[in-house]
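Here the structure comes first, spelled out in structure tokens, and everything after it is commentary.
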Amino acid sequence: MFEEDRIEEGRIGVFGGTFDPVHTGHLLLAETARVQAGLSRVVFMPAHIQPFKQEAETSSDDDRLRMLGLAISDNPHFGITSIETDKGGVSYTIDSLRALREEYGGARICFIIGTDMFLMIEKWKEAEALVSEFDFAVGVRPGYRHDEAVEKAGELREAHGTRIDLVENPPIDLSSTEIRQRIRDGETIRYRVPESVRRFLLVREKVGEKRFAHTKRVIDLATAMAARFGESVEKAGLAALLHDYGKDPGGGVENDLGHGGMAAEAAASEFGVADVDVLNAIRYHTTGRAGMSRLERIVFLADTVEPGRTYDSIARLRDTCLDDLDSGALTVLVELKKYLLMKGLEVSADTEAAIAELSRK
Ligand code: ATP
């Protein structure tokens, strides 16, 4: 049977969780449930506060949503809903599923869940209503009694007529807790999470909170500029994520213009980035250079004019950059040179060459 033959149009999978971070166990369960339960698509629903983890310290909603976005970007059948993070407070599945059902025009919703959570379904808010109003797809999670989950599924079917699909996902013994611990211990998380999520987590771990907030603003601006100027959004996002990876998290030397080169080297050696344009966008983001590609100009400018920068001329400068990459780059480079001279610092030959070239255009 072809995968498409099973799909029941309008039956949507919703996969709730904390996703701190999303990992391979989640993704394989979601994809297997989609195919085996015939779901037209799967929507990941990160909780703001998970009722059973109210004391736990969790990454920000923004970080968890970003990681989900990175993890699912190449699957056309996957999506994300921010219904619980937008609402705030403790996230109760029954409330969210009812709201989503309305949002999706009365669609039939199938809630995707692993063994551990399914075994304690009676403890969930309005459990009876939950199993009466919605379908379930229950996946295997190693370390928990799946035979008990099968038994429970039988009971619920009998008592409430619940449609429950038992999903035969490949058992992956993995938890977000383990991944967070491995990062703290400096152990590899490669293949436990998608590579894009691994990069995000390692950059966040290395650069420190303040610089990571800056990095995220640069990602947002660089990807918006890429979309506007016809550049690859993926490359802009990658270069922006890694642009400060070489910088000392403690603050480092002021105006340490060499950190672009260090970050480019780390991008190649630690993350296997081979795209020359991405590497150059990282390498030259502090100085610019003659012959900057469109991607290089975007990352250079996004770094300088991201909304967290507060110097006087920033609004005018941002408008110029969003209008035209060349005049934006020239204006920013001239400002950079002025600033360096005022501080008695050396102006790089690359900066001089870039100014000379752009002035001729
Ligand atoms: P944490 O370790 O932080 O408690 P977690 O790995 O259990 O996190 P959650 O985001 O809490 O992940 O899980 C969301 C959903 O995914 C739950 O239904 C859970 O049962 C299921 N799930 C999590 N990990 C796996 C796995 N390895 N295999 C199958 N299902 C999983």
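Key figures
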quantity	calculated
Extent along principal axes [Cα atoms of the chain; Å; largest to smallest]	79, 42, 41
Cα-based Rg / Dmax (Å) for region 3-182	15.2, 44
For I112, residues with placed amide H under 5 Å, excluding near neighbours	V14, F15, G16, A137
Distance in nm between pseudo-label sites at R309 and D220 (7 Å out along the Cβ direction from Cα)	1.6
³J(HN,Hα) computed for each position of region 30-37 - Karplus, 6.51 cos²θ - 1.76 cosθ + 1.60, integer Hz, glycine/proline x	4, 5, 5, 4, 4, 6, 6, 8
Net charge dipole size for the chain [Lys, Arg +1 and Asp, Glu -1 on Cβ; Debye, nearest 20]	820
HN-Hα J in Hz across region 125-135 - Karplus 6.51, -1.76, 1.60, θ = phi - 60°, x for Gly and Pro	4, 6, 4, 5, 5, 4, 7, 8, 8, 10, 7
Efficiency of FRET from Cβ geometry, L322 and T177, R₀ 45 Å, rounded to 0.05	0.60
Difference of contour (0.36 nm per residue) and Cα-Cα distance, V150 to E195	12.8 nm
Those chymotrypsin sites (Phe, Trp or Tyr not before Pro) in region 171-245 that DSSP places in a loop and that have at most 11 other beta carbons within 10 Å	Y191
Per-residue [θ]222 nm for the chain (sum of -39500 (n - 2.57) over DSSP H runs n ≥ 4, rounded to 500)	-16500 deg cm²/dmol
Amide H contacts of I80 (H built 1.01 Å from N, under 5 Å, at least 5 apart or other chain)	F44
Only Lys, Arg (+1) and Asp, Glu (-1) charged, at Cβ; region 224-361 dipole about Cα centre in debye	340
Partner lysines for K361 [C-alpha distance under 21 Å; skip if fewer than 8 residues away on the same chain]	K337, K338
Extension reserve of the D62-L341 stretch, reckoned as 0.36 nm per residue once the Cα distance is removed	96.6 nm
Ranking of R64, R199 by count of other Cβ atoms within 10 Å, fewest first	R199, R64
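No value in this document is a laboratory result; all are computed from the given coordinates. Every value quoted in this text rests on a predicted model; they were computed, and no experiment measured them. Cβ atoms come from the backbone with ideal geometry, glycine included; neighbour counts cover every protein chain shown.
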